[in-house]
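To start, the structure itself, in structure tokens.
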Amino acid sequence: MDAPRIPLPCRHYLDKLSLPPAVRDGIEAQLAETPTLSTRDAMTRLHHILAQKNADSDNPAYGSVTARARLVLGHDAVWRADPAASAANTVEQNEPAQLCVAPPLNRASMVPHPWGALNPLTRWMQRVFGRVQVEDAAALDAKISDAEAVEPAEISIHELLPQSTSASTSTSQTEAVNAPKAAGKARGGLRRLVLLFLMLGQTALATYYMSRVLPYQGKEPLEIALLALFALLFCWVSAGFWTAMTGFLLLARGKDPFLISQTAIAKGAIDAGARTAIVMPICNEDVTRVFAGLRATYESVQKTGQLAHFDFFVLSDSGNSDTCAAEVAAWAALCKAVDGFGRIFYRRRQRRTRRKSGNIDDFCRRWGNNYRYMIVLDADSVMSGDCLSKLVQSMEANPDAGIIQTAPRAAGRDTLYARIQQFSTRVYGPLFTAGLHYWQLGESHYWGHNAIIRVKPFIEHCALSLLPGKGPFAGEILSHDFIEAALMRRAGWKVWIAYDLDGSYEEMPPNLLDELKRDRRWCQGNLMNFRLFLSRGMHSVHRAVFVTGVMAYLSAPLWFLFLILSTGLLAQHTLTEPTYFTEPWQLFPNWPQWHPEKALALFSATATLLFLPKILSALLICMQGAKQFGGQLRLLFSVLIEMFFSMLLAPVRMLFHTHFVIAAFMGWALRWKSPPREDAETSPREAFRHHGLHTLLGLAWGAAVFWLNPTFLPWLLPIVGSLAVAIPISIYSSKVSNGLRFRSKKLFLIPEEAVPPVELLATVAHVKATPPPPDFIAAVVEPNFNAVVCASGKLHLRRSPAAQKISANLVRAALLDGPSALADAQKNILLSDPLHMSQLHLAVWTSGHAHADWLARLPASSQTDKDRVPGLQALGQAA
């Protein structure tokens, strides 16, 4: 063959296409038959040969998109013709087909309802003085009447699925929306009154004994303030204690008549109309880990034989262009590997509003009518097919259930910090989740992932409106899950925790600092949610959930203030003379009284409330078998180490959470960033930057107490000592080597490590087998990957001239100035525009003035080819 007739760039291009030898020989023979003047002409001819009937003279690379994509995806990929193209112009029918990245739209209306006045007094004033319009008042009254009836509201039915399945689905969907009253209704009011009595009674008794410990028995102003803080904090601890105690008794008994998962029929068939979407919202995540976990979940569902009832959606809000490109590649590779085309879908939103809740709402508006249920996964979630099937069966058996939340088990991390957290949640978590279920029953939590939701009532009732007003606690709701559960219950639908279901997994933050970054967001969100505490129609249990969400973070500054006042009380009695006579004509002096034995007894009682649930958790495991936890001795030793470790970290978390609460009230900026999905370690520089002031505070605080009264230092040593060693503890606990060292000794061992579930093993295997993900440059340069990106993009045939000009200018800038000249948002515009993406692809391969960043990805001989077209001529019509 005459080599000069086929320029080197064409040969290298053919190398990257990985064509079968016979096909390549045929293409080269056709190229050799036509004399070529330049690389551009040869490359145009090559794309025309690949495209065949789809050849496009204006945009040759776009014409060959389908052919190039088929080379990498195979013939099992699902393609769909663009209806808009066929209707707009018959000439357009020869356009390349698009990959079926999403099903056809079946839109639903999901409209948020305004919150109205959040203050009951304001609502009463508005009603009295007629400031609420008649129709608004009627709408509110209708909502409240629904809530008071405690039954699901009557909801209109729309067409749910395409014609092939609409008939069967419509009937069952109607039954689900108009849910009948449950035959055996769980009554939780008495249980909650008992809990309230236990909390308040225990708190009153402890507060009384605390007053006996104080020098003036709680009669001085400073002591009164201390007692008030003590009562709040002790009541908070008491709530957790009685929840754990109830969970222990429930699990030790082994019977729970209200266990929602018991209603699922083992290995029973799922109704054909019970279509379920498994949705995974992501945002700038570790793409390899996300799709490895999704693949493990998909394969597990496939093994159950129930795959026909499920569709999978990856809902991306990513803004980083390299991540977006990697997501497309990972989606295509996953679909090819499991033959998931037409069942695994991918969507990246162009307008990323309201973060995760907005992403879920976008799915509901576009495709919610196609499904009776949706199961929401987090980016690190992995679930077994058996667990997913049981969730659907439980929903089918309980037509008044709106949400069923699983209790995810943490696994998959190797740092010491993460392994300790995995161990604590695995050992202590069952007690607390079982206790929550006992008190809450059908008014339970929703944690935003690893849960199944009934789609229709979610669309009707759970769209989130902006919080009214101004300031840091107004506007967009950050922690949407608690609010969505409350709205679902307000509409009459029950929310359950299936705490006994196996096969639901998540990952923990790898180190303390990453966990605290997540807590910063959660703190802001929970403080915002508390504004809805007095919102109209909320169930009392969900009002309590708002309180517990706030106290999870507000307890930190309260505890810090309690310690400061205690130190101030010590300073007052050390540096000033006691006042024995405080009233005129007082006959007897007020002697300050010190009772160390009572203080020790109160301290012991408080420690019992904190640590007894952990001891009982270990005892329960020993009763049931501790082999998968390393044996009884290693389990107990691990519990003791974890208790000591939690004591060391509690003061550190106290200061961070105090800072978070202050930052929330001050309106300081909150940065929203996805947590790391790998075992990230804390560097000494990071530790000094975040813990340096805490260390200085601990040392100064301890020195001040020692100077005031050395005998009081042992009482404060657990606080100031923990702060003093915060830096080395943070560094040491973040090390993977330390985590593996403890694991080799079977300490902090959990069943998911002793006998790893198939899904977790598959996730790890898929991560290891996945090559490094491609980036934006690869999406432009690599022939096969460029074709996949173009085939998965949206073809806009009726774009305005202004929009087309913007994209053409982006192509010019990218070609001449390199990818670094474009912002991520501009790169993402090109990624979603197949026409201009293919133009840039051809220009990079043929232009003599392509930027060096593009040329670096081309074969060396192609970079210096003398026949490359100069400058903007390579852009063809884009110029």
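Placing unit charges on each Cβ (+1 for Lys and Arg, -1 for Asp and Glu) gives the chain a dipole about its Cα centre, and among 463, 556, 479 the Cα reaching farthest toward its positive end belongs to 556.
Contact order, relative form, for the stretch 392-525: 42 percent (alpha carbon pairs under 8 Å, 6 or more residues apart, mean separation divided by residue count). Rounded to the nearest 500, what is the 222 nm mean residue ellipticity of the chain from helices alone, with -39500 (n - 2.57) per DSSP H run of 4+ residues and division by all residues? Only helices count here, giving -18500 deg cm²/dmol.
Just report the Cα centroid separation between the stretch 238-256 and the stretch 686-739, whole Å. If you average the Cα positions of each part, the centres end up 34 Å apart.
Cα centroids of the stretch 491-528 and the stretch 277-294: 17 Å apart. Charges were assigned to the Cβ only: +1 to each Lys and Arg, -1 to each Asp and Glu. The resulting dipole of the chain about its Cα centre is roughly 780 debye.
Sorted largest first, the spans of the alpha carbon positions of the stretch 281-371 along the three principal axes are 37, 31, 17 Å. Only Cα pairs under 8 Å and 6+ residues apart enter the sum, and on that basis the relative contact order of the chain stands at 19 percent.
Remark: the residue 208-residue 741 segment gains 187.2 nm on full extension, using 0.36 nm per residue and subtracting the alpha carbon distance. By DSSP, the beta bridges lying fully in the chain are antiparallel in about 30 percent of cases. Across the stretch 61-69, computed HN-Hα scalar couplings (Karplus, 6.51 cos²θ - 1.76 cosθ + 1.60, θ = phi - 60°) run 5, 6, x, 8, 4, 4, 5, 5, 5 Hz from first to last residue, x flagging Gly and Pro. Between residue 697 and residue 29, the C-beta separation translates, for a Förster distance of 56 Å, into a calculated FRET efficiency of about 0.10. Residues 258, 785, 645, ranked from the fewest to the most other C-beta atoms within 10 Å, line up as 258, 645, 785. Close amide H pairs (under 5 Å, H built 1.01 Å from N) link residue 316 with 282, 347, 348, 349, residues at least 5 positions away or on another chain. Residues 436, 575, 196, ranked from the fewest to the most other C-beta atoms within 10 Å, line up as 575, 196, 436.
Treating each Cα of the chain as an identical point scatterer and summing with the Debye formula, the log10 of I(q)/I(0) at q = 0.05, 0.09, 0.10 Å⁻¹ comes to -0.36, -1.02, -1.19.
For residue 278, the amide hydrogen comes within under 5 Å of the amide hydrogens of 311, 312, 313, 375, counting only partners 5 or more places away or on other chains and with H modelled in the peptide plane.
Can you tell me, using C-alpha contacts under 8 Å and at least 6 residues apart, the relative contact order of the stretch 778-839 as a whole percent?
Relative contact order here is 48 percent.
Once you list every other residue whose beta carbon is under 11 Å from the beta carbon of residue 76, what net charge do they have if Lys and Arg are +1 and Asp and Glu are -1? Write out the running numbers ahead of the final one.
Details: positive: 70, 336; negative: 339.
So the environment of residue 76 carries a net charge of +1.
Residues 40, 689, ranked from the fewest to the most other C-beta atoms within 10 Å, line up as 689, 40.
Could you work out the local net charge near residue 50, counting Lys and Arg as +1, Asp and Glu as -1, over the other residues with Cβ closer than 12 Å to its Cβ?
+4
Computed from the Cβ-Cβ distance with R0 of 60 Å, the FRET efficiency linking residue 641 to residue 125 stands at 0.55. Here the spin labels are modelled as points 7 Å beyond Cα on the Cα-Cβ line, and at residue 598 and residue 517 they lie 4.9 nm apart. Under 5 Å from the amide H of residue 342 lie the amide H atoms of 78, each residue being 5 or more positions distant or on a separate chain, with H modelled from the backbone and absent for Pro and chain starts.
Each label was represented as a point 7 Å from its Cα along the Cα-to-Cβ direction; for residue 806 and residue 75 these points are 4.2 nm apart.
Principal-axis analysis of the Cα atoms of the chain puts helix 632-666 at an angle of about 80° to the longest axis. Using a Förster radius of 22 Å, what is the FRET efficiency between residue 502 and residue 271 based on their Cβ-Cβ separation? Nearest 0.05, please. Step by step, r from the Cβ atoms, then E = 0.40. Fully extending the segment from residue 725 to residue 688, taken as 0.36 nm per residue of separation minus the present Cα-Cα distance, adds 12.2 nm.
Placing pseudo-labels 7 Å out from each Cα toward the beta carbon at residue 190 and residue 633 gives an inter-label distance of 4.8 nm. Where in the stretch 340-371 does the amide nitrogen come within less than 14 Å of the point 7 Å from the Cα of residue 799, taken along Cα to Cβ? Backbone N within reach: none found.
No value in this document is a laboratory result; all are computed from the given coordinates. Since the structure is predicted, the reported quantities are computational estimates derived from the model, not experimental observations. Cβ sites come from the backbone with ideal geometry, for glycine too, and all protein chains shown count toward neighbours.
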